[in-house]
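Trainee: Have a look at this one before I ask anything.
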Amino acid sequence: MVYKQVKMQSVQPSDVEKLLHIGRQTFYEAFGPPHNSEENITNYLNEKITLDNIVKEINNPKSKFYFAIINKEIAGYIKINFDYAQTEPINNNSMEIERIYVLKEFQGKKIGQLFLEYTVKIAKQKEIDFIWLGVWEKNIDAIRFYKRNDFKQFDTHQFLLGTDLQTDIIMKLEL
């Protein structure tokens, strides 16, 4: 089982180029055509997943990034936010999973499950009340995955991808 071979590694400022590369690649794999237009994906990547934005995010003390490493290769990453770094003013004693992405070639190897378990461990150490996240309403596999892990829908919010206004389901896991 690959799950046991995965090493979690904290992302450092010196890893910013690696994070930018995997961030752009995994976002495109997850949401590119046929799910969204090439134009909307390209615009989003060029506006949001940029070196400047990644540098700001990685230097925010209230955000943490972790790589999943398999045989010295980055298989995916997760971004978690605390306090003011959260993308919605949900609750001061909550933690957000803003991004959880695994490269297509590593999907199905329980890396997402490892990311969730790692996040729960961090949240419990910090005595967080709940973990929350937003997931695109059309990402049925992700929604199913979060439900299997006891996340429950409690809200929605709008997300602009290029010129397309989309709806994210907001889910939380009570701890």
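Trainee: Roughly how much of Lys124 is accessible, in Å² to the nearest 10, using a 1.4 Å probe?
Mentor: 130 Å²
Trainee: What's the FRET efficiency of Thr156 with Gln125 using the Cβ-Cβ distance as r and R₀ = 30 Å, to the nearest 0.05?
Mentor: Once the sixth-power term is evaluated, E becomes 0.50.
Trainee: Continuing with this model, one more query. Where does the chain land at 222 nm, in deg cm²/dmol rounded to the nearest 500, when only DSSP H runs of n ≥ 4 count, each adding -39500 (n - 2.57), divided by all residues?
Mentor: It comes out at -10500 deg cm²/dmol, rounded to the nearest 500.
Trainee: Show me, for segment 97-107, the HN-Hα J-couplings you get by feeding each phi into the Karplus relation (A = 6.51, B = -1.76, C = 1.60, θ = phi - 60°), rounded to Hz, glycine and proline as x.
Mentor: These are the phi-based 3J(HN,Hα) values: 9, 7, 9, 9, 9, 10, 4, 3, 5, 10, 5 Hz.
Trainee: Now, a different point. Which one of Leu20, Leu116, Leu160 has the biggest mean-square fluctuation once the chain is modelled by GNM with Cα springs under 10 Å?
Mentor: Comparing Leu20, Leu116, Leu160 in the GNM, the peak value goes to Leu160.
Trainee: Please turn the phi angles of segment 111-120 into ³J(HN,Hα) values with the Karplus equation 6.51 cos²θ - 1.76 cosθ + 1.60 (θ = phi - 60°), one per residue in order, whole Hz, x for glycine and proline.
Mentor: 5, x, 5, 4, 4, 5, 4, 5, 5, 4
Trainee: Rg to Rh for segment 1-135: what is it, with Cα atoms only and Rh by Kirkwood?
Mentor: With Rh from the inverse mean 1/r over Cα pairs, Rg/Rh is 0.95.
Trainee: Need one number: nm distance between label points at Ile90 and Glu17, each 7 Å from Cα along Cα→Cβ, rounded to one decimal.
Mentor: 3.4 nm
Trainee: What are the GluC sites (Glu not before Pro) within segment 40-136 that DSSP puts in a loop, where the Cβ has at most 12 other Cβ atoms within 10 Å?
Mentor: Counting only loop positions with at most 12 other Cβ atoms within 10 Å, the GluC sites (Glu not before Pro) in segment 40-136 are Glu127.
Trainee: DSSP beta bridges in the chain, what fraction antiparallel, as a percent rounded to 5?
Mentor: For the chain, the DSSP antiparallel bridge percentage is about 90.
Trainee: In Å, what Kirkwood hydrodynamic radius results for segment 85-175 from the alpha-carbon pair distances?
Mentor: Hydrodynamic radius (Kirkwood, Cα only) of segment 85-175 equals 13.9 Å.
Trainee: At R0 = 30 Å, how high is the FRET efficiency between Asp83 and Ser37 if r is their beta carbon distance? Nearest 0.05 is fine.
Mentor: Plugging the Cβ-Cβ distance into 1/(1 + (r/R0)^6) gives 0.25.
Trainee: Hey, can you grab everything whose amide H is under 5 Å from the amide H of Trp136? Only 5+ residues off in sequence or another chain; H modelled, so Pro and N-termini drop out.
Mentor: Distant-sequence amide H within range of Trp136: Ile169.
Trainee: Can I ask one more? Can you give the FRET efficiency to the nearest 0.05 for Leu51 and Asn149, using r as the Cβ-Cβ distance and R₀ = 35 Å?
Mentor: About 0.60, to the nearest 0.05.
The values are calculated or read from the model by the stated rules, or taken from the named source; none is laboratory data. The structure presented is a predicted model; accordingly, all values stated were derived computationally and were not measured. Heads up, the Cβs are rebuilt from the backbone with ideal geometry, glycines too, and the neighbour counts pull from every protein chain shown. Side chains included, ligands, DNA and RNA excluded: accessible areas come from the protein's heavy atoms. Shrake-Rupley method; radii C 1.70, N 1.55, O 1.52, S 1.80 Å.
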